[in-house]
1. Would you say Gln13 is of a type outside the set (A, V, I, L, M) and at pLDDT 85 or above?
2. Which of the residues spanning region 34-50 are surrounded by fewer than 15 Cβ atoms within 10 Å (Cβ to Cβ) and touching a residue at least 24 places away in the same chain (Cβ under 8 Å)?
3. Could you check region 26-48 and list, in sequence order, the residues that are part of a helix (DSSP H, G or I) and either modelled with pLDDT of 90 or more or basic (Lys, Arg) (or both)?
4. Taking region 87-101, which residues are closer than 16 Å to Ser76 by Cα, outside any loop (DSSP other than H, G, I, E, B) and within 9 Å of ligand 2 (Cβ to nearest atom)?
5. Residue by residue through region 51-64, note down the ones that are more than 8 Å from ligand 1 (Cβ to nearest atom), surrounded by 15 or more Cβ atoms within 10 Å (Cβ to Cβ) and closer than 16 Å to Arg74 by Cβ.
6. Can you go through Gly78, Gly108 and tell me which one is of a type outside the set (D, E, K, R), in a loop (DSSP other than H, G, I, E, B), out of contact with any Asp or Glu (no Cβ under 9 Å at 6 or more places or on another chain) and at pLDDT 90 or above?
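The values are calculated or read from the model by the stated rules, or taken from the named source; none is laboratory data. Small disclaimer: the values here were computed from a predicted structure and weren't measured. Ideal geometry is used to build each Cβ from the backbone, glycine not excepted, and the neighbour counts take in all protein chains shown.
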Amino acid sequence: MIFDPISKTILDQIVKASDGERIAEAERMKASTYWTMCPACGKKVTKRQILAEGCWSCGWQGTEEELELAKAKRASGGETRPADEASYKTKCPQCGRLVITKELGEKGCYICGWKG
Ligand SMILES: [Zn+2]
Ligand SMILES: [Zn+2]
């Protein structure tokens, strides 16, 4: 095998970039332990309040487990994302190119035309 310092550098950069993404994700997770989204109406609520008194908007009440389940479902793309996350970029499931999440949802992928 031929030693290739250029592709090794590129590989290092990719590894570093994905590390950064993981850290950013961990930070977001930390911030989201206080604020959460009501699984029923999607309004922003504090975790403590929805567990103790129910959703201020629709009255939904459930266990912490149900909240986590709803959150995991959202993370996997099973439900619509809140508006403040809509401008984030996402990878097109078909061509893998980085596209704006909102645009992908509304008009489909501008590269390959994929629409979910
Ligand atoms: Zn609600
Ligand atoms: Zn695409």
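1. Spelling it out, it is not the case that Gln13 is of a type outside the set (A, V, I, L, M) and at pLDDT 85 or above.
2. Result: Lys44, single match.
3. Those that are part of a helix (DSSP H, G or I) and either modelled with pLDDT of 90 or more or basic (Lys, Arg) (or both): Arg28, Lys30, Lys47, Arg48.
4. Within region 87-101, just Lys91 meets the criteria.
5. Result: Gly62, single match.
6. Gly108 is the lone residue from the list that is of a type outside the set (D, E, K, R), in a loop (DSSP other than H, G, I, E, B), out of contact with any Asp or Glu (no Cβ under 9 Å at 6 or more places or on another chain) and at pLDDT 90 or above.
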